[in-house]
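To keep things clear, I will list the structure first and then write my remarks on it.
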Amino acid sequence: MVPKEEIDDVVLGPGFVKVVIKRAIEPNYYLLRPRKGVNTVEQAVGKIVAWQIANVSEE
């Protein structure tokens, strides 16, 4: 059995991965999976959040 990836005790689920936001291109964009105190991309800079795998790019 493969352990399920979680953030703040919430399972990511299919189609989502953990990412670290390095910079906010659209700072006011609301996260699809907000965390406690982290609702927008700007608030997520430097933090691990759940992100749709289809929208992940490496820089």
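What follows draws every value from the coordinates through simple rules; no lab data is involved. What you are looking at is a predicted structure, and each value in this text was computed from that prediction instead of being measured. Please note: Cβ atoms are built from the backbone with ideal geometry, for glycine as well, and neighbour counts cover all protein chains shown.
Miscellaneous remarks
- Amide H to amide H, with H built 1.01 Å from N, Tyr29 comes under 5 Å of Val41, Glu42, counting only residues 5 or more places away or on other chains.
- Legend: calculated FRET efficiency, Arg35 to Glu58, from the Cβ-Cβ distance at R0 = 30 Å, rounded to 0.05, equals 0.85.
- Database remark: amide H of Leu12 closer than 5 angstrom to the amide H of Glu5, Glu6, Ile7 (H placed geometrically; neighbours at sequence offset of 5 or more, or on other chains; Pro and chain starts carry no H).
- The order of Val20, Val45, going from fewest to most other C-beta atoms within 10 Å of their C-beta, is Val20, Val45.
- Label-zone membership for the range 18-37, site Ile48, 7 angstrom Cα→C-beta point, backbone N under 16 Å: 18-22, 34-36
- Evaluated on the chain, the Kirkwood hydrodynamic radius is 11.9 Å, with distances taken between all distinct Cα atoms.
- Residues Glu42, Glu58, arranged from fewest to most other Cβ atoms within 10 angstrom of their Cβ, appear as Glu58, Glu42.
- Rounded to the nearest Hz, the phi-derived 3J(HN,Hα) couplings of the range 37-52 under the Karplus curve 6.51 cos²θ - 1.76 cosθ + 1.60 (θ = phi - 60°) are x, 10, 10, 10, 4, 4, 5, 8, 4, x, 10, 8, 9, 7, 9, 5, where x marks glycine and proline.
- The charge dipole of the chain, taken about the Cα centre with unit charges on the Cβ atoms of Lys, Arg (+1) and Asp, Glu (-1), comes to about 100 debye, rounded to the nearest 20.
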